[in-house]
1. Collect the residues in the stretch 76-116 that are aromatic (F, W, Y), within 19 Å of Y12 (Cα to Cα) and either at pLDDT 95 or above or surrounded by 12 or more Cβ atoms within 10 Å (Cβ to Cβ) (or both), keeping them in residue-number order.
2. Under 7 Å between Cβ atoms, at least 6 apart or on separate chains: pull out the pairs that start in the stretch 101-117 with a residue that is among the aromatic types (F, W, Y) and end on any residue that is assigned to a strand (DSSP E or B).
3. State which residue pairs qualify: first residue over 13 Å from K89 (Cβ atoms) and inside the stretch 49-68, second residue β-branched (V, I, T) in any location, beta carbons under 7 Å apart, and separation of 6 or more residues or different chains.
4. Here are some residues: S93, S51. Which one is within 13 Å of the chain's Cα centre (by Cα), farther than 12 Å from Q118 by Cβ and of a type in the set (G, A, S)?
5. Checking the structure you have, find out if any residue of the stretch 59-67 is over 21 Å from V6 (Cα atoms) and touching a Pro at 6+ places or on another chain (Cβ under 9 Å).
6. Which condition number does I62 fail, the rest of (1) surrounded by 14 or more Cβ atoms within 10 Å (Cβ to Cβ); (2) not in a strand (DSSP E or B) being met?
7. Given the criteria modelled with pLDDT of 90 or more, over 22 Å from T98 (Cα atoms) and either out of contact with any strand residue (DSSP E or B) (no Cβ under 7 Å at 6 or more places or on another chain) or in a loop (DSSP other than H, G, I, E, B) (or both), does S51 qualify?
8. Quick one: in the stretch 1-28, of everything that is over 20 Å from Y70 (Cβ atoms) and in contact (Cβ under 8 Å) with a residue 24 or more places away in the chain, which residue is surrounded by the most Cβ atoms within 10 Å (Cβ to Cβ)?
Amino acid sequence: MELKEVIKAPNYNSQSDYSTGKDGNSDFLTFNCHNCGNALRIDFQKQIDYSWKGKTDRISEIEQQNLKQYYSIGLSQKSHDGGLPVFDKIICSKCSATYMTYCGVVEFSNSAYNVIVQGIIKI
């Protein structure tokens with residue numbers, strides 16, 4: 001995995017990008033591909049669904065380990081916001097640029113979640 005560009009870096013004070021039941025929530029975070037400008041999306045429900053596994057099906061075990069090391073996720077297995085780290089891969093449909101995303105998922109009440117996008121890197 002060769003890092004080409006950091007789009008978003010982790011921040012311990014990041015605000016929630018998605019919160020279950022919050023008015024005005026979007027189910028996705030949209031960002032533009034840095035190669036072609038195509039709109040790309042992080043699906044918040046997908047991050048929640050994979051929170052116990054720590055990665056979506058698009059991420060291999062080796063990629064997950066590399067991302068944990070890159071983001072300094074240690075023995076506690078907690079994200080920078082104290083939640084569960086979830087890694088995903090987004091591929092631009094126009095130019096095939098590949099992005100790895102890192103979200104923290106915090107269950108603040110029974111089946112109610114905050115999702116914080118902690119990192120986006122282009123590889």
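1. Step one: list which residues in the stretch 76-116 are aromatic (F, W, Y), which gives 87, 99, 102, 108, 113.
Next, only the ones that are within 19 Å of Y12 (Cα to Cα) stay: 87, 102, 108, 113.
If the condition is that a residue be aromatic (F, W, Y), within 19 Å of Y12 (Cα to Cα) and either at pLDDT 95 or above or surrounded by 12 or more Cβ atoms within 10 Å (Cβ to Cβ) (or both), then F87, Y102, Y113 are the ones that fit.
2. Within 7 Å, the pairs are Y102/P85; Y102/F87; Y102/Q118; Y102/G119; F108/N114; Y113/V105; Y113/V106; Y113/E107.
3. Pairs that qualify, where the first residue is over 13 Å from K89 (Cβ atoms) and the partner is β-branched (V, I, T), are S51/V86; S51/V105; G54/V86.
4. On the way: S93 fails: within 13 Å of the chain's Cα centre (by Cα).
Within the list S93, S51, the selection yields S51.
5. For the stretch 59-67, residues over 21 Å from V6 (Cα atoms) and touching a Pro at 6+ places or on another chain (Cβ under 9 Å): absent.
6. Result: I62 fails condition (1) only.
7. Answer is no for this residue.
8. Checking each candidate, the answer is Y18.
The values are calculated or read from the model by the stated rules, or taken from the named source; none is laboratory data. The shown structure was predicted, so the numbers you read here are calculated from the model rather than taken from an experiment. Cβ coordinates were reconstructed from backbone atoms using ideal geometry, including for glycine residues, and neighbour counts include every protein chain displayed.
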